[in-house]
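For reference, the structure is listed below as structure tokens.
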Amino acid sequence: MVGVHVRRVNNTARLETFSDGVFAIAATLLILEVRLPTHGSVTFELVHAWPSYVAYAISFLTIGIIWVNHHTVMQQIERVDRTFLFINVVFLLIVAFTPFPTRVLAEHLREGSKAAAFAYGLTYTLMAISYGALWFYAARGRRLIAAGADQRVVSGISRSFAPGSVIYGAATLSSLISAYLAVALYAAIALFYVLESSVFGRDG
């Protein structure tokens, strides 16, 4: 019997389509926050807007990496259940929120605002926690993993996700020392995960 309490949904297509839409909207909203003031020379304002470029680049690169890895994750998933769907909703809620702390950071980085850098880092720490929860819920005991999924890939994803929340948490705490240090670490983390993605598929 099919009813409202069906536990498993065997098709991940709707989840992937919805997720891709959220990623696309979040990435698009980032550039809408990059704007010049209406006073002063254009040359001066273009140079003066460097915090917006920095915040945009880090956020867009991070969202891009997350999207690529989300695609890799979903390739390993054979089916989803209600718990997985709700974890994904929480994860996407945070992704959709990222343009706001990005704008705050861009507006206050020049003055070295520790609060702005902390809020930015906290958002990405929560994102890392929810992303990790999404993956490890599916991967624990291969609960939702496809029977034919390569264990090397599964293990590689797990190794990559495991330190994520700790790394972002440490970078966020560094904002209490210096906003510039924290932003440098956020950029380094983004670059780290570009390289770390290459471990997917390696032997565990």
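The values are calculated or read from the model by the stated rules, or taken from the named source; none is laboratory data. These numbers were taken from a predicted model, which means no experiment stands behind them. Cβ atoms come from the backbone with ideal geometry, glycine included; neighbour counts cover every protein chain shown. Calculation scope for accessible area: heavy atoms of the full protein, side chains included, ligands and nucleic acids excluded. Shrake-Rupley method; radii C 1.70, N 1.55, O 1.52, S 1.80 Å.
Observations on the structure shown:
- Helix runs (DSSP H) in the chain reaching 20 Å along axis by Cα, Kyte-Doolittle at least -0.5: 13-32, 50-76, 82-97, 114-139, 179-196
- Report note on the peptides 19-28, 101-110: ranked by the mean count of other C-beta atoms within 10 Å, highest first, their order is 101-110, 19-28.
- Modelled spin labels at ARG143 and ARG35, positioned 7 Å past Cα toward Cβ, are 4.3 nm from each other.
- With R₀ set to 25 Å, the beta-carbon distance separating THR83 from THR17 gives a calculated FRET efficiency near 0.80.
- For the range 101-204, carbon and sulfur atoms together expose 67% of the accessible surface, with a 1.4 angstrom probe and every protein chain in place.
- Summed over the residues of the range 60-179 and divided among them, the accessible surface reaches 43 Å² per residue at a probe radius of 1.4 Å.
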